[in-house]
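Let me begin by presenting the structure, written as structure tokens, before commenting on it.
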Amino acid sequence: MSAEATVEGLARELSSYLDTTRINQVRRAYYYAEQAHEGQMRKSGDRYITHPLAVAHILADLRLDHQSLMAAMLHDVIEDTGIPKDALAEQFGDDVAELVDGVSKLTQIEFRSRAEAQAENFQKMTLAMARDIRVILVKLADRLHNMRTLHFIPKEESRLRIARETMEIYAPLARRVGLYQVASELEDLAFHHVNPAARDSIIEKLEELLSENADDLERIRFAIKQVI
């Protein structure tokens, strides 16, 4: 992890909009998850805890509340460590436990639905079953970090499946809930794996157009500044 990719780096970021009590609750969820995932590793070779921490950083950029950040830290605990929902409720309260359980259920529905559900139906189903929109937001942040690290998955078939699923389901879902920047990044990351040659060609053409029209763009920027 980089110097800022730590729970203390996250705490400094959160101090811009959360009070000390809530930041300490997020910190406590981190240490609980760190212990729960002890010994588990990511495909990248990093400790597993780097993933929920990265998800929490994404949500902090969106300035989400402390319970969402706690759920981000704990979102794989039920699924991957066998710790039950009741234990999380006892430690962190019913609201956080419900968020974590909701994310786990979305993951299970995703697995069952891959072969049978169209993307649009899947989106409707996830939105309908998520009683708290924060479940969707945590899941989208989870997918975004997984896409950022997709290149560490060795099997091309798995990478393509995840990328297509992201393009067909998660990017449109992000747009539906108003996370347009997240949607754009998901699309770009997915396109990189689904059709890298086409993506590179488009980027090259865009760079050519920007270069050819640099003077015009500068004049437009100047004119806008004059009006503003």
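The values are calculated or read from the model by the stated rules, or taken from the named source; none is laboratory data. Bear in mind that the values here come from a model prediction, so they are computed numbers and not experimental data. Neighbour counts are summed over all protein chains in view; Cβ atoms, including those assigned to glycine, are modelled from backbone coordinates with ideal geometry. Each accessible area value is taken on the protein alone, full model and side chains, heavy atoms only, with ligands, DNA and RNA left out. Shrake-Rupley method; radii C 1.70, N 1.55, O 1.52, S 1.80 Å.
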Could you count how many residues in the stretch 135-165 are farther than 18 Å from His51 by Cα and either of a type in the set (Asp, Glu) or surrounded by 23 or more Cβ atoms within 10 Å (Cβ to Cβ) (or both)? 3
Being free of Cβ contacts under 8 Å to residues at least 12 places away in the same chain, charged (D, E, K, R) and open to solvent by 60 Å² or more (accessible area, probe 1.4 Å) is the requirement here; does Asp80 meet it? no
Does Gln123 qualify as being modelled with pLDDT under 95, under 18 Å from Ala174 (Cα atoms) and of a type in the set (S, T, N, Q)? yes
With respect to His37, determine if the residue is more than 17 Å from the chain's Cα centre (by Cα), open to solvent by less than 70 Å² (accessible area, probe 1.4 Å), closer than 29 Å to Lys155 by Cβ and at pLDDT 95 or above. yes
